[in-house]
Amino acid sequence: MNSAAFIVTAIFTVAAALAAATLRNLMHAALSFAAAFVGIAALFFLLGAEFVGLALVFIYIGAVAVLVVFTILLTRRDVGKDRGFNWGGATVAVAVFACLTWSILKTQSLAIGAPHIATLTVKRIGAALMTTYVWPLQCVGILLTAALIGALILVMEERR
Amino acid sequence: MTPTLQVFLIISATLFSIGLLAVLSRRHAIFILIGIEIMLAAANLNFIAFWRFGPQPQPPTGVMIALFSIAIAAAEAAVGLAMVIAVYRHYHTTNVDQLDQLRG
């Protein structure tokens, strides 16, 4: 694992996520959201999970970010009315971050390096999906179909 | 210095807190969905990091959980954005503070 690439990726990811959470302009925030997911996918690549990184790029940047942009455009009249910052929420978020970081740094068994492992090939992932994980795979298929139908029904014009 | 598991967990905690910040401090419904997506991505990063640094990384368990979690997050995003559009059609606002019709 290359540490220089890792540091650059980590800083980029956190900065893009922070921009997505705090920028006033909705469109800029949506683009920073896509950039943050590029960074997270790069972290997955560094961790040796290339297939998940690619799936993240396809699903989040190819589908979810485009959906977010479409929703922003469809609800355009409301853009710009997002009033200021809620400092109570910021305090809770900082407190949660402090607690998590403190407990991670306190736990000595987490300070370990990565062991050497064989490369995870797509063939192995496919074999596992078709054997051990075939029932979860079918359930996810049903869930995605139900979500598709549910989303369609939600946005359908109502007849009175 | 090669990054240890702790470093990845701290990055994941940072992303989770940023998502929580977006959910708690923004009033626009789309921002709240973006925050939830960032929090789910932080959870996925944790799954992958624990799989990579675990003592027995041979069966790709963490990768599988992350894949299913991404699929569920995508379904959640689709339904959530459809709900934002439906709410906007009814109330002509996406500010969650103004959606208080059920308040007693």
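Please state the shape class of segment A:1-60: rounded when a/c is under 1.5, otherwise prolate if a/b exceeds b/c and oblate if not, all from the C-alpha gyration tensor. Since a/c reaches 1.5 but b/c is at least a/b, the shape of segment A:1-60 is classed as oblate.
Between rounded, prolate and oblate, where does segment A:3-120 land on the alpha carbon gyration tensor, with a ≥ b ≥ c its root eigenvalues, rounded for a/c under 1.5, else prolate if a/b exceeds b/c?
Numbers: a/c = 2.98, a/b = 1.37, b/c = 2.17.
In terms of gyration-tensor shape, oblate.
Stokes-Einstein at 4 °C, 1.567 mPa s, Kirkwood radius from Cα pairs: D for the protein assembly as shown in µm² s⁻¹? Answer, rounded: 66 µm²/s. If you line up the long axis of helix B:29-53 against the longest principal axis of chain B, both from Cα atoms, how many degrees apart are they, to the nearest 10? The helix B:29-53 is inclined about 10 degrees to chain B.
Subtracting the Cα-Cα distance from 0.36 nm times the residue separation, let me have the gained length for A:A5 to A:I61 in nm, one decimal. Walk me through the numbers before you get to the answer.
On the way: separation 56, 0.36 × 56 = 20.16 nm, distance 2.15 nm.
Difference between extended and current length: 18.0 nm.
For segment A:36-75 versus segment A:96-160, the spacing of their alpha-carbon centroids is 13 Å. Placing one equal scatterer on every Cα of segment A:120-159 and applying the Debye formula, the log10 ratio I(q)/I(0) at q = 0.16 Å⁻¹ is -0.55. Here the Karplus relation 6.51 cos²θ - 1.76 cosθ + 1.60, evaluated at θ = phi - 60°, turns the backbone of segment A:52-58 into coupling constants of 5, x, 5, 4, 4, 4, 4 Hz, with x for every Gly and Pro. For segment A:3-120, the Cβ-based charge dipole about the Cα centre amounts to some 380 debye (Lys, Arg positive; Asp, Glu negative; other atoms uncharged).
Label chain B by shape, choosing from rounded, prolate and oblate, from the square roots a ≥ b ≥ c of the eigenvalues of the Cα gyration tensor; if a/c is under 1.5 it is rounded, and otherwise prolate applies when a/b is larger than b/c, oblate when it is not. The shape class here is prolate. Sorting A:R124, B:R89, B:R27, A:R24 on solvent-accessible area from highest to lowest, probe radius 1.4 Å, gives A:R24, B:R89, A:R124, B:R27. Taking all protein chains together, A:F70, A:F51 sort by accessible area into A:F70, A:F51, largest first [probe 1.4 Å].
For the options A:L73, A:L143, A:L47, a Gaussian network treatment of chain A with springs between C-alpha atoms closer than 10 Å singles out A:L143 as fluctuating the most.
The values are calculated or read from the model by the stated rules, or taken from the named source; none is laboratory data. This is a predicted model, so every value here is computed, not measured. Cβ sites come from the backbone with ideal geometry, for glycine too, and all protein chains shown count toward neighbours. Surface accessibility is based on the protein's heavy atoms, side chains included, excluding ligands, DNA and RNA. Shrake-Rupley method; radii C 1.70, N 1.55, O 1.52, S 1.80 Å.
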